[in-house]
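Nothing in this text is a laboratory measurement; each read-out follows from the coordinates by a stated rule. Please read these numbers as outputs of a predicted model, since none were measured by experiment. Virtual Cβ from ideal backbone geometry, glycine too; neighbours counted across all protein chains shown.
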Amino acid sequence: MLESIKPMSKGQEELLNALTNSNYNIIGVFGPTGTGKSLFSLAYSIDAVSTGKFRKLIVAKPIVDVVTQEELTRKEYDKYEDMVKDYIKDVLGGFAEEKTIDDLFSSGKIEVLDSRYLRGRSFNDSIIFLDDVQLMKPESVLELFIRSGKNSRLIIAGDPVFQTLSNEADSSEIIREVLLNEKDAKVVDLGIKDIVRAGTKRGIRLLLEYKLRSRKLSEAEKKVMDSAKIRAPDADIITVVEFSEEKKKLNITSEHVPDALIVVKEGNAGRLIGKSGERINGIESDTKMKVRVVELKLDFKDMIRAVHPLPWVVKHVEDVDFQGNELVVRLKKESGGFIGQKGVNIRLVEYVIKQMFNVGVRVIQPNEENQS
């Protein structure tokens with residue numbers, strides 16, 4: 001089955017290589033929905049069980065009530081196993097016959113596990129797959145480490161991006177950090193560029209928009225918003241982020257750097273700026289602030305360019321994407337100017353991004369594993 005699924009991104013290639021590398025006893029794959037975490041993990045796991053490499057596949061996936069957001073236990077929900085079975089069929093649809101999945105269940109080669117009832121259990125000769133780990137308590141996940149026995153392998157999938165954007169407690173990021181330097185473990189980070197499911201990118205963008213529209217504005221931000229609505233009534237304004245005090249703290253005096261950023265829906269920048277800049281000039285006159293407008297897109301380069309003291313250095317940016325609970329900027333050319341003296345440039349960028357999305361910013365220079 002796994003052979004019939006072709007990776008569609010570098011991240012998916014990395015995941016496939018990790019799954020097929022027997023040197024890793026634990027694989028953690030983290031990223032937003034639609035990146036293929038469950039598809040590749042389940043396809044590999046079912047192949048491994050079907051060929052006799054492992055005796056059994058153990059699947060643990062929280063079942064959450066969409067109304068109460070409470071996780072249902074196996075004792076509370078009599079269709080618990082059916083829900084998980086349907087989820088497996090949905091994920092593997094087009095790659096596996098439903099009868100194949102049913103036969104594996106009926107023969108006992110796939111077992112559904114409620115992660116909160118592990119006492120006294122041990123899993124030998126098994127491949128254990130934990131999905132949606134962000135919805136589990138870290139203690140339950142770590143308990144499975146203890147219960148994983150001889151000739152067993154653990155695959156953990158989670159979405160720290162959604163949790164961070166939703167301002168919710170994030171167990172997946174904790175587990176990711178635990179695994180990063182663990183012996184015989186491999187962490188694969190997937191980002192927006194790895195999303196292949198139709199409609200998911202729009203969903204992520206709408207989630208970002210929802211988060212921004214839900215921001216509580218300061219008095220200074222309200223002032224900019226009110227002026228913008230009067231000056232550009234036909235522009236779809238999402239939010240305003242004001243950071244003049246942070247500029248002063250960092251002693252940034254560049255004329256390029258605005259005092260506030262107005263975020264608008266894609267295609268609305270021209271409406272807010274106005275012919276020959278008359279509208280945005282009016283907003284600046286009303287508020288006595290230097291203002292810049294940026295459209296909300298999943299390519300964050302424009303957003304960085306809008307606030308960075310040296311906008312030209314953005315040409316050195318190869319990629320900007322979520323990794324864990326950070327927005328990671330990868331540079332294709334080493335650039336001290338991007339970070340700035342004593343890190344002031346990137347600190348300003350991080351301040352603005354954090355105000356908007358509640359995530360930190362990390363810079364990776366060429367040929368370096370970790371630099372910020």
Please work out how much length the chain gains when fully extended from ASN23 to ASP319, using 0.36 nm per residue of separation minus the C-alpha to C-alpha distance, in nm with one decimal.
103.6 nm
Calculating Cα Rg over 2.2 N^0.38 Å from this structure picks out, from [x] 1.78; [y] 1.19; [z] 1.14, entry [z]
Length released on extending from SER107 to SER276, taking residue separation times 0.36 nm less the Cα-Cα span:
53.7 nm
Order of MET303, MET356, MET8, MET1 under a 10 Å beta carbon neighbour criterion, fewest first:
MET8, MET1, MET356, MET303
Global geometry of the stretch 2-197, whether rounded, prolate or oblate, following the gyration tensor of its Cα atoms and the 1.5 cut on a/c:
rounded
For ILE58, distant residues with modelled amide H under 5 Å away:
GLU111, ILE127, ILE128, PHE129
Per GNM of the chain with C-alpha springs under 10 angstrom, the most fluctuating residue out of ASN358, ASN268, ASN181 is ASN181
Under a plain spin-label model, where a point goes 7 Å from the Cα along Cα-to-Cβ, how far apart in nm are SER50 and ASP125?
2.0
Quick check: from the Cα gyration tensor, does the stretch 299-372 come out rounded (a/c under 1.5), prolate or oblate?
rounded
Give the calculated FRET efficiency between MET83 and LYS332 to the nearest 0.05, with a Förster radius of 45 Å applied to their Cβ-Cβ distance.
0.50
If I build a Gaussian network model for the chain, linking alpha-carbon pairs within less than 10 angstrom, which residue out of VAL188, VAL141, VAL178 has the largest mean-square fluctuation?
VAL178
Angle in degrees between helix 200-213 and the longest Cα principal axis of the chain, rounded to the nearest 10:
50
What's the angle, to the nearest 10 degrees (0 to 90), between helix 171-180's Cα axis and the longest principal axis of the chain?
80
Please give the length that would be gained between GLU182 and LYS137 if that part of the chain were fully extended, namely 0.36 nm times their separation in residues minus their C-alpha to C-alpha distance (nm, one decimal).
14.2 nm
Cα-projected label distance for GLN341 with LEU217, points at 7 Å along beta-carbon direction, nm
3.6
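At R0 = 56 Å, how high is the FRET efficiency between ARG205 and THR100 if r is their beta carbon distance? Nearest 0.05 is fine. Please list the in-between numbers first.
Values: r = 36 Å, r/R0 = 0.64.
In this case the efficiency is close to 0.95.
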